[in-house]
Structure formats: C-alpha cells, structure tokens
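Each remark here refers to the structure printed beneath this line.
The values are calculated or read from the model by the stated rules, or taken from the named source; none is laboratory data. All values reported here derive from a predicted model rather than from experimental measurement. Here the Cβ positions follow ideal geometry from the backbone for every residue, glycine too, while neighbour counts run over all protein chains shown.
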Amino acid sequence: MKRILSALVAALCIVLSAEANNTDAHIYGHIIDSSTGEHIPHIIVILKGTTIGVSSDNSGHYVMRNLPEGKFTMEVSAIGYKTQTKEVEIRKGMSIEVNFTLEEDHVLLDGVIVSATRSETTRKMSPTLVNVVSMDTYAQGNCTTVAQGLAFQPGVRIENNCQNCGFQQVRINGLDGQYTQILIDSRPIFSALAGVYGIEQLPANMIDRVEIMRGGGSALFGSSAIAGTINIITKEPVRNSAAISHTTTSINGSSAFHNTTDINASIVSEDNKLGLAVFAQNTQKDAWDANGDGFTELSKISGQTAGLRGYVKTGIYSKITAEYHHLQEFRRGGDNIDLPPHEVMIAEQTKHGINTGGLKFDWFSADQRHRLNVFASIQHIDRDSYYGAQKDPNAYGKTSDLTWVGGAQYIYKFKRCLFMPADLTAGLEYNEDYLKDNMWGYDRITDQTVRIASLYAQNEWKNDRWGILIGGRLDKHNLIKGIIFSPRANLRYNPTKNINLRASYSYGFRAPQAFDEDLHIDNVGGTVSMIRLADDLRVERSQSVSLSADLYHSWGDWQGNLLIEGFFSDLDDVFALKEIGWENGILIKERHNESGARVIGGNLEGKIAWKDKLQIQAGVTAQNSQYKEARTWSDEGDVPATRKMFRTPDLYGYCTASYNPLRQLKLSLTGTYTGSMLVEHHAGAIADNISVETPDFWDLNFKIAYDFRIFNSFKLQLNAGVQNMLNSFQQDFDSGADRDSGYIYGPTLPRSFFFGIRLDY
C-alpha cells in the first residue's frame, strides 16, 4: 500500500513540475438537436487522448481554451444522443469554430461502458455484452438506493431475504448473491460483510450509472465473479450544478412512512482543471407489521450517507481522481423495537459505520498509444450487532472489517498486431481483507485474513466489424493452495453497424472464507454457529458460455433494439455446509465441496423509442438452475432431496415505460414479474420443515412528474405515484416469536403511495 501511494505522489510531482503552455489556441461552437433544431445544454465535449473536456452551458454553447497544438479528435456524447466525432487541427494563436448537430439515441447504442475490458469503449464495440442502468431508470422507478434500480435488467432479480433485518440480495442468472462480484468504480472492495446490506445502503444519488455484465468475469475481476459483475460508477463533476430532493412514502397507506432526502452539488473551475462533486442522503423508514402479530415484516432503518469525488488535471495527459464516502446506519427488526434488544422475544439490530475512499492517477501519451492507471481503494466497516431471541443477553456482537486494494494497469494500442489493430491490457492487483467478528457472550470469535495477489493480461483485436479478445488472470489466494488461472475468450462480429453478434467463454471462481453472514439466522433461532474450512477444500469453479445478437433499427422517428441471449454455466466443487459437532456450546459447521450445478437459459429484451416522447423497454428470462446431484437441506419434515435450486424461478422479467405528452410532464410505469419458485420454510411457527412452491407475482409501479422552469436556471419538479399497485404482497407470513424470518418472498413493499419534490440548478 505504501509503495502504491509513494508512486502516486512521485507521479504527481513529475507532472506538476511541467509548466503548461499558453498557446492562445481556442475552439468554440454550439450543439443543437437535429430533430428540433434547439440548442442542447450540458453536453460533454472532449479532446480524445487528453484530459481536456468541457460541458456546454445553458444556451448550448461551449469554449475550450489554450489547447495544445496538433491533430486531435473531438468527441461529443450524452445520454439520449448518438456519439459524434470530428477531426481538428489546432495551431497556436488560432481560434476555430466547430459546431455539432446530434441525433437522438434512446436505445443507447453508443453508450460508454468500462466493465467489458477495464477501459472505456462503446456498447456496440464491446467484446462482451454489458447492460447499463442509467439514472433515468432510477428516476422512473422512484429508486432511492442502488439495489432498487437493478431489477430492471434481464437476468437480474432483487429479493428481500429477512423479515427482521430486511437485507436484500441480487441474483444474476439464478445464482445467489455470493456469486456476484460488486465493484465500486471497477474496484473490488465489497467484502463478504459489506455485501450483505451494502448494495441497499448505497444511495442512488451518488451514482452516474450501473454496469451489469452477466456470466463469469474472474479473468478481469477475480473471485466471486461467477454469476456476473455489478460495477457501480460514481458521479464525476462535469459542470456547476446543485440539486435537492425529498420523497415521502406511506407504506400500505398506513402511518408507517419512509422519508428520503437527497442533496447533490458539483463545481468545476473556469479552466476545467479542478472539479468537485458532493452528495448526501438521509433516510428514515418506520418499521411495519403486515399481519398484526407484533413482529415486523419491514425493519426500521435510519441512515445518513455523505461523500465526494474530485479531480485535478495535472497536465494535458494526466489526471488525479479522489473519492470518499461515509455511511452511518441503524437497522432494527423484530418485536417491541423501542425496547433494548435483550428485553424482547426477537431482535435483529445493527449499527454500521462505513468509510470508503479511493485514489487514482491516469496518464496517457501524446500519441494516444500508451495509457497508465495507478490506483488504491480502501473500505472500513465497524458494526455493532444483536442477533438473538428469547431475551438472550449474550447475543450482542461486534464486527470490524478492513479491505483495501491497490494496483496498476497499462494499455498499449497497436496500430497493427498480426492482422488488425489491437489493444493490449495488462495489470496487477493486491487485495487484503482483515475481518474480526466477536460474540463475547458465547465466546465466539472469528478472525480471518484474506490476501490475494493478482496478474492479468488480455489482447483485443478490433475494428468496426470484428472484435477478438483473449485474456487471462492469475490469482494467488492465501486460503487456497496453488495459483488459480482464469481464462476468457470473446468474439464480436458486426456485419452492419446495427447488428452486433457475440460469443463468449469465461472462467469464474469463488474463494472460500470462514465468515458467513448467514450465521445470524442460526443466532436468532437460538443456536450459535461457527464455520470451519475442510482440510481438502477446493476453490469453487465455473465455466460459462453465452451467445447473443444485439439488433438495432430506425424507422423515421422511431428507434428499436432487440437483444437475444443464450447462456450456460457449469459449476464444480460447489460450497456447502454440514454440521460436524459442538464445542463449548457452539455448533461447528464445516464448509466442504459438493458435486456442482448447472444453469441454462436465455434472455430476451426489447426497447422502442419515439423521439424523446415515448420509451418502452421490457425483458424476460427463462432458465433452469439445478444441482448435478439431488440435495436436501433438512433431515426433518417433508423435505425430499431435489436438484432444483431454491429461489430460482424458471421465468421472470421486467418492464419500463415513460411517456412525455408535454415537455414538462412525464408519466412512468415500471414493474417486475417473478414466476413460481421453490422456497425453504423452517419449522417453528409450523410443525416441520417443508419446501414451498410460491405463487407468481407482479410488482407494478406508476409515477407522474411535472417540471416547472424558474428564472431559466432553476427547475422545480413535483412527482407522485404508487408502488406495487396490485398489492401483490406475501399473504402467508409466519406469526409469533417462533416464526421463520427467512420465509419471505414477493415484492419488498406492499401497495404504497409516495410524493416527491426536487429542485435543480
């Protein structure tokens, strides 16, 4: 870590020692909409291969000052428009006018992504399929957290897994959340502890977009990238702006409310060399009891998050970016939530303090052939918890977790490598995670250190028609003997600019760990458990294959996109737990390997847009998730062995629609569908353990928003709507102190009504 920071400081000193040239060379112009002829504000204009970039002002005009001499490519991009480039030659003392006329792109053909190759590329040129969840989607669905917006993508499901603590997990292609790698700005700092509540704790107003790459991604991102990878891209300051918003939701039309307040602001220096963006969120959610038994189905949450991201352009070809955010959250579920946890029948209570930061240095050469990125990220979690039942005074605990990662990445652009242009990407990473979990009353202590050293390399041959990528990664994990090799191969063929065909093979792995947050379920049930790793434990491995066709077409003012994807994943040496005995009143569980599992299925997604007036998007996933050998989760009750994976519906999907009858008025409809699935139901409120086939359900939401323009610089929005309009909420919750809190399925909210207000500058 010290070496990485020293390298960053040294690089900064070098670039700061060079004096900037005052060339008196300028580029100015305007940006207009091709269909309306109106000027477009807040459009990003950059000189490719440099750090130089500006945003058009409120009148749709821009100016770039004191530019370097030479031949450059200008690029203009924005969500909702096709990316456009122009070649320019800049000379000292010369001012030139360059205007742009942008065409609408509401199906995101030219959207920029980074998750496919760990460097920027457009979606149509990406060697692997990457879906993007934009802030527009979050706004349509009235989503206030990162987790809520992820449901509006094919192959992705968000589900609530606990009546007491209310934690949500993301399932991709039918696999548990542990099989998904979560990144913040491409950095793997989400530990096993952070992954439980973390994606729900992150506020939506801190992100620019979320990228989702389905299938094995260990060749790029290491452990746990088996089902897929979720890359959370945070907001970067691009112009002077500010926004404040508040949303109030009445849960089931009752006196239980969920209030959320968001604040955003950014400032950019006049020469665009300095920029700072800040955000904050305060959320307060009341506990809610669905069946009147005195025990919560929705937990009480009080949380505050604040953070910032800033940059310093240290030269024409170098830039330093820093970010930090802090989260404080209190969460409580069970009965009598105003009493101390040890005075009630069931209590799950957590207090989180989370600090996350990162530092990155980017450099690229004047000829655009070389690019270097040096980075370091860190996250510290401090958690006080109580997981207990029957007024247990021993169920208090404390957990601390420190995760950091540092590394470097180098990219070299070949003008020609063997048979076509190519990009060579190579990098190294080192990751450490220190976790200590104490439950003093039961003398249960988990002390775990994970160290991973990694090297990766890939070469991507590409032009407008073909893309061929071959790469691999080496990981040395301190809990695994030997070195883990993760290869990948991708093929892209674009017979036309509107047809993208892809085939991919990827390897994934999941490293074992002795800490498992699922242990809290045992604690609440009155059993204190610990996990030991089997002596012969092997890494869990997967091989994934996918084929896809991404088709685009325009009919006058209409644009459409159809995605067809088939996928297959084969898992070997799947992790499982078995009880091996008791020690000092603690149940010991051993993590061992079982035979494996297979997932096969397909995604179908369609988008259609009419100008900026109407956008409709829908996706459906059909799949089958099975273990290779029949397994049982209980020796008691009506629990026959089955190959079917639990909580994996064979059919699920989503839909979103927005309509702007007036420029100021927007109507939005969003929803998800979940087919029938097999769910575990533990004894307690019922006599025996059983497996339950759940009913299918729709979760539909409606929102109406109206914008008022104030003094040209301010916009006031009023919005209102209803979530889960059909009230497809679970009807068979367990009741009483002996309930199975994990027996929960269906939408995360009953029918609820919300009202919001937002002011933008």
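Which one is surrounded by the fewest Cβ atoms within 10 Å (Cβ to Cβ), of the residues in the range 438-466 that are acidic (Asp, Glu) and farther than 17 Å from Ser504 by Cα?
To start, the set of residues in the range 438-466 that are acidic (Asp, Glu) comprises 443, 447, 460, 464.
If we keep only those that are farther than 17 Å from Ser504 by Cα too, we end up with 443, 447, 464.
On the way: Asp443: 13, Asp447: 11, Asp464: 9.
If we take residues in the range 438-466 being acidic (Asp, Glu) and farther than 17 Å from Ser504 by Cα, then Asp464 is surrounded by the fewest Cβ atoms within 10 Å (Cβ to Cβ).
Could you say whether any residue in the range 575-585 is touching a helix residue (DSSP H, G or I) at 6+ places or on another chain (Cβ under 7 Å) and in the same structural domain as Thr656 (by TED's automatic domain parsing)? Before you say what the answer is, go through the steps one by one.
Residues of the range 575-585 that are touching a helix residue (DSSP H, G or I) at 6+ places or on another chain (Cβ under 7 Å), as a first pass: 585.
This time we only want the ones that are in the same structural domain as Thr656 (by TED's automatic domain parsing), so: 585.
Within the range 575-585 (the criterion being touching a helix residue (DSSP H, G or I) at 6+ places or on another chain (Cβ under 7 Å) and in the same structural domain as Thr656 (by TED's automatic domain parsing)), the answer is yes, since at least one residue qualifies.
Is there a residue being assigned to a loop (DSSP other than H, G, I, E, B) and over 30 Å from Tyr197 (Cα atoms) anywhere in the range 497-504? Before you say what the answer is, go through the steps one by one.
Let us first name the residues in the range 497-504 that are assigned to a loop (DSSP other than H, G, I, E, B), namely 497-498.
Next, only the ones that are over 30 Å from Tyr197 (Cα atoms) stay: 497-498.
Within the range 497-504, one or more residues are assigned to a loop (DSSP other than H, G, I, E, B) and over 30 Å from Tyr197 (Cα atoms).
Checking the conditions here, which among Gln513, Gln409, Gln458 is under 26 Å from the mean Cα position of the chain (by Cα) and not in a strand (DSSP E or B)?
Numbers: Gln409 fails: not in a strand (DSSP E or B); Gln458 fails: not in a strand (DSSP E or B).
The conditions single out Gln513.
So which residues in the range 145-164 are among the charged types (D, E, K, R) and either surrounded by fewer than 23 Cβ atoms within 10 Å (Cβ to Cβ) or more than 19 Å from Ser676 (Cβ to Cβ) (or both), if there are any at all? Outline the logic, then answer.
First, the residues of the range 145-164 that are among the charged types (D, E, K, R): 157, 159.
The answer is Glu159, and nothing else.
Just to verify a result, which residue in the range 667-708, among those that are in contact (Cβ under 8 Å) with a residue 60 or more places away in the chain and charged (D, E, K, R), is nearest to Pro640 (Cα to Cα)?
Going through the qualifying residues, I end up with Glu680.
What number of residues within the range 129-153 are more than 14 Å from the chain's Cα centre (by Cα), part of a loop (DSSP other than H, G, I, E, B) and either of a type in the set (Gly, Ala, Ser) or closer than 18 Å to Ile182 by Cα (or both)? Before you say what the answer is, go through the steps one by one.
Of the residues in the range 129-153, the ones more than 14 Å from the chain's Cα centre (by Cα) are 129, 136, 139-142.
The next check asks that each one be part of a loop (DSSP other than H, G, I, E, B); those that pass are 129, 141-142.
Still in the running and either of a type in the set (Gly, Ala, Ser) or closer than 18 Å to Ile182 by Cα (or both): 129, 141.
Residues in the range 129-153 being more than 14 Å from the chain's Cα centre (by Cα), part of a loop (DSSP other than H, G, I, E, B) and either of a type in the set (Gly, Ala, Ser) or closer than 18 Å to Ile182 by Cα (or both): 2 in total.
Hey, can you tell me all the residues within the range 27-79 that are in contact (Cβ under 8 Å) with a residue 60 or more places away in the chain, closer than 25 Å to Glu89 by Cβ and among the small types (Gly, Ala, Ser)?
Gly29, Gly49, Gly53, Ser55, Gly70
Restricting attention to the range 134-145, which residues are of a type in the set (A, V, I, L, M, F, W, C) and at pLDDT 90 or above? Full working, then the answer.
Filtering the range 134-145 down to residues of a type in the set (A, V, I, L, M, F, W, C) leaves 135, 139, 143.
Matches in the range 134-145: Ala139, Cys143.
State whether one or more residues within the range 193-204 are in a loop (DSSP other than H, G, I, E, B) and modelled with pLDDT under 90.
Of all residues in the range 193-204, those in a loop (DSSP other than H, G, I, E, B) come to 193, 202.
After this cut, where a residue has to be modelled with pLDDT under 90 as well, the list is 193, 202.
Yes, some residue in the range 193-204 is in a loop (DSSP other than H, G, I, E, B) and modelled with pLDDT under 90.
Identify all residues within the range 306-354 that are in contact with a Phe, Trp or Tyr (Cβ under 6 Å, 6 or more places away or on another chain), closer than 23 Å to Pro203 by Cα and among the β-branched types (Val, Ile, Thr); write none if there are none.
Thr321
Could you pull out every one of the strands (runs of 3 or more DSSP E) wholly within the range 639-736 that has 1 or more residues that are over 30 Å from Val574 (Cα atoms)? Don't jump to the end; show me each part of the working.
Details: elements: 642-644, 651-662, 665-674, 678-681, 690-693, 697-710, 714-723.
Hits in the range 639-736: 651-662, 665-674, 697-710, 714-723.
Of all residues in the range 346-374, which are farther than 30 Å from Ala280 by Cβ and either buried (at least 18 other Cβ atoms within 10 Å of the Cβ) or assigned by TED's automatic domain parsing to the domain that holds Thr50 (or both)?
Filtering the range 346-374 for residues farther than 30 Å from Ala280 by Cβ gives 346, 363-372.
Across the range 346-374, the qualifying residues are Ile346, Trp363, Phe364, Arg371.
Just checking, how many residues over the range 222-250 are more than 14 Å from the chain's Cα centre (by Cα), farther than 23 Å from Tyr706 by Cα and among the hydrophobic types (A, V, I, L, M, F, W, C)?
Selection size over the range 222-250: 2.
For Phe733, work out the one condition from (1) crowded, with 19+ Cβ neighbours inside 10 Å; (2) assigned by TED's automatic domain parsing to the domain that holds Thr247; (3) hydrophobic (A, V, I, L, M, F, W, C) it doesn't fulfil.
Every condition holds for Phe733 apart from (2).
Is there any pair with a first residue in the range 386-404 that is on the phi < 0 side of the Ramachandran plot and a second that is among the hydroxyl-bearing types (Ser, Thr, Tyr) and not in a strand (DSSP E or B) whose Cβ atoms are under 7 Å apart and which are 6 or more apart or on different chains, and what are they?
Asn394/Tyr442; Asp401/Ser191; Thr403/Ser191
Any residue in the range 573-595 that is closer than 25 Å to Ala630 by Cβ, at pLDDT 90 or above and crowded, with 16+ Cβ neighbours inside 10 Å?
No, there is no match, as no residue in the range 573-595 is closer than 25 Å to Ala630 by Cβ, at pLDDT 90 or above and crowded, with 16+ Cβ neighbours inside 10 Å.
Checking the structure you have, find out if any residue of the range 100-120 is assigned to a strand (DSSP E or B), in contact with a Lys or Arg (Cβ under 9 Å, 6 or more places away or on another chain) and not hydrophobic (A, V, I, L, M, F, W, C). Break it down into steps so the answer makes sense when it comes.
In the first step, residues of the range 100-120 are kept if they are assigned to a strand (DSSP E or B); the result is 100-102, 104-105, 112-113.
Still in the list and also in contact with a Lys or Arg (Cβ under 9 Å, 6 or more places away or on another chain): 100, 102, 104-105, 112-113.
Narrowing further to those that are not hydrophobic (A, V, I, L, M, F, W, C): 104-105.
Scanning the range 100-120 turns up at least one residue that is assigned to a strand (DSSP E or B), in contact with a Lys or Arg (Cβ under 9 Å, 6 or more places away or on another chain) and not hydrophobic (A, V, I, L, M, F, W, C).
Could you grab me the full set of residues in the range 82-100 that are in contact with an Asp or Glu (Cβ under 8 Å, 6 or more places away or on another chain) and among the hydroxyl-bearing types (Ser, Thr, Tyr)?
Listed by number, the residues that qualify are Thr83, Thr85.
If the Cβ limit is 8 Å and pairs must be 6+ apart or interchain, which residue in the range 615-629 that is touching a residue at least 60 places away in the same chain (Cβ under 8 Å) pairs with which residue that is in a strand (DSSP E or B) and of a type in the set (Asp, Glu)?
Correct list of pairs: Gln617/Glu605; Gly619/Glu605; Val620/Glu605.
Sort out which residues of the range 386-406 are assigned to a strand (DSSP E or B) and under 10 Å from Ala347 (Cα atoms), and write them in order of number.
Within the range 386-406, the subset assigned to a strand (DSSP E or B) is 386-389, 396-406.
Within the range 386-406, Tyr386, Tyr387, Gly388, Ala389 qualify.
Out of Ile316, Ile267, Ile320, which single residue is of a type in the set (A, V, I, L, M, F, W, C), more than 24 Å from Ser119 (Cα to Cα) and touching a residue at least 24 places away in the same chain (Cβ under 8 Å)?
On the way: Ile316 fails: more than 24 Å from Ser119 (Cα to Cα); Ile320 fails: more than 24 Å from Ser119 (Cα to Cα).
The unique qualifying residue is Ile267.
Scan (1) surrounded by fewer than 22 Cβ atoms within 10 Å (Cβ to Cβ); (2) touching a strand residue (DSSP E or B) at 6+ places or on another chain (Cβ under 6 Å) for the single condition Thr128 breaks and write down its number.
The one condition Thr128 does not meet is (1).
So Leu469 passes all but one of these: (1) crowded, with 19+ Cβ neighbours inside 10 Å; (2) more than 22 Å from Asn131 (Cβ to Cβ); (3) not small (Gly, Ala, Ser). Which condition number does it fail?
All conditions pass for Leu469, except number (2).
Among (1) in contact with a Leu (Cβ under 6 Å, 6 or more places away or on another chain); (2) farther than 29 Å from Phe714 by Cα, which single condition is Tyr81 missing?
Against the list (1) in contact with a Leu (Cβ under 6 Å, 6 or more places away or on another chain); (2) farther than 29 Å from Phe714 by Cα, Tyr81 comes up short only on (2).
Are any residues in the range 607-619 surrounded by fewer than 17 Cβ atoms within 10 Å (Cβ to Cβ) and within 26 Å of the chain's Cα centre (by Cα), and if so, which ones?
Ile616
Out of (1) of a type in the set (Lys, Arg); (2) within 34 Å of the chain's Cα centre (by Cα); (3) at pLDDT below 90; (4) not assigned by TED's automatic domain parsing to the domain that holds Lys413, what's the single condition that is false for Arg65?
For Arg65, the exception is condition (2).
Which residue is farthest from His106 (Cα to Cα), if the candidates are limited to the range 65-79 and must be in a strand (DSSP E or B) and not charged (D, E, K, R)? Talk me through it step by step, then tell me what you get.
Let us first name the residues in the range 65-79 that are in a strand (DSSP E or B), namely 70-78.
If we keep only those that are not charged (D, E, K, R) as well, we get 70, 72-74, 76-78.
Numbers: Gly70: 34, Phe72: 28, Thr73: 24, Met74: 22, Val76: 16, Ser77: 13, Ala78: 11 Å.
Checking each candidate, the answer is Gly70.
In the list Gly526, Gly508, which residue meets the criterion of being out of contact with any Phe, Trp or Tyr (no Cβ under 6 Å at 6 or more places or on another chain), at pLDDT below 95 and part of a strand (DSSP E or B)? It would help to see each step written out before you state the result.
Numbers: Gly526 fails: part of a strand (DSSP E or B).
Going through Gly526, Gly508 in turn, the sole match is Gly508.
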